[in-house]
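The values are calculated or read from the model by the stated rules, or taken from the named source; none is laboratory data. Note that the coordinates shown come from a computational prediction; the quantities given were computed from them, not determined experimentally. Every residue, glycine as well, gets a Cβ built from its backbone with ideal geometry; the counts of neighbours run over all protein chains shown. Heads up: the accessible areas ignore ligands, DNA and RNA and are worked out on the full protein's heavy atoms, side chains in. Shrake-Rupley method; radii C 1.70, N 1.55, O 1.52, S 1.80 Å.
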Amino acid sequence: MEINKKLVKIYITNGMSGCGKDTFAGFINKYLTSHKEFFRKLSCVDSVKEACLKIGWDGKRDEKGRKLISDVNLALEAYNNSPLKSVLDKIEHEYKEYGYIYYFVDIREPYRIDKFKEMCEEKGYKVKTIFISRKDNKPILSNAGDIATLEPYDYDYYIENNETLK
């Protein structure tokens with residue numbers, strides 16, 4: 001199947017851990033599915049988590065595990081930018097295979113958001129950014145990825161999680 005890049009919608013999502021990104025994506029998925037649209041949620045650390053599991057990570061998302069994922073992610077970025085490349089490759093492969101139209105991609109660091117957005121736009125995709133916040137959420141400061149959510153960035157959409165769908 002040829003990729004119709006005008007149909008593919010990519011939304012880069014960001015926000016502190018626990019702010020409700022997965023919950024928001026779940027609401028969007030439910031809505032789109034009910035309208036016969038295809039949705040997929042990805043993260044720039046999906047491939048990093050898989051690699052970390054193979055080299056001994058126990059899968060816990062505690063402070064130690066979060067730091068491991070963040071450090072390996074940064075090392076792979078410096079080495080060959082594979083975390084971002086693997087997400088874009090997955091979007092192109094899965095669109096051809098399954099026809100997903102909407103992609104939500106979690107990326108923490110603003111400079112990486114810009115880098116991924118540029119990679120997508122160079123291939124002809126339209127990209128929007130979303131920041132999700134929750135008033136009572138406490139930041140995690142043990143790793144670079146979580147700290148990066150505190151950096152200023154001009155997002156296209158801001159969503160405040162006030163624990164209601166509205």
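Just the accessible area per residue of the chain, please: how many Å² with a 1.4 Å probe?
So the chain comes to 59 Å² accessible per residue, rounded to a whole number.
Quick one: if you stick a label point 7 Å off each Cα along the C-beta vector at Asp58 and Lys126, how many nm between them?
About 4.7 nm, to one decimal.
Determine the share of the chain's accessible area contributed by carbon and sulfur atoms, expressed in whole percent, with a 1.4 angstrom probe. Show your work: numbers first, answer last.
Working: 5260 of 9760 Å².
Roughly 54 percent, rounded to a whole number.
Given contacts defined as C-alpha pairs under 8 Å and at least six residues apart, what's the relative contact order of the chain, whole-number percent? All intermediate terms of the calculation are to be shown ahead of the outcome.
On the way: 232 pairs, mean separation 66.3, N = 166.
Relative contact order here is 40 percent.
With a cut-off of 17 Å, note down the residues of the stretch 107-134 whose backbone N falls inside the zone around a label point 7 Å from the Cα of Asn162 toward its beta carbon.
Taking a point 7 Å out along Cα→Cβ of Asn162, the residues of the stretch 107-134 whose backbone N falls under 17 Å are 132-134.
How big is the Cα convex hull of the chain in projection, averaged over all directions, in nm²?
10.3
Please name which of Val105, Gly56, His93 has its Cα lying farthest along the dipole of the stretch 39-158 towards the positive end, using unit charges on Cβ (Lys, Arg +1; Asp, Glu -1) and the Cα centre as origin.
My answer, from the dipole projection, is Gly56.
Report, in listed order, any pair from Lys41/Lys67; Lys96/Lys138; Lys67/Lys117; Lys54/Lys135; Lys6/Lys67; Lys30/Lys117 with a Cα-Cα distance greater than 32 Å.
Over 32 Å apart, Cα to Cα: Lys96/Lys138; Lys54/Lys135; Lys6/Lys67.
Could you state, as a whole-number percent, how many of the C-alpha pairs of the stretch 80-166 are farther apart than 17 Å?
I get 57 percent for the Cα pairs in the stretch 80-166 exceeding 17 Å.
To the nearest Å, what is the center-to-center distance of the stretch 97-166 and the stretch 18-94, using C-alpha atoms only?
Taking the Cα centre of each part, the stretch 97-166 and the stretch 18-94 sit 12 Å apart.
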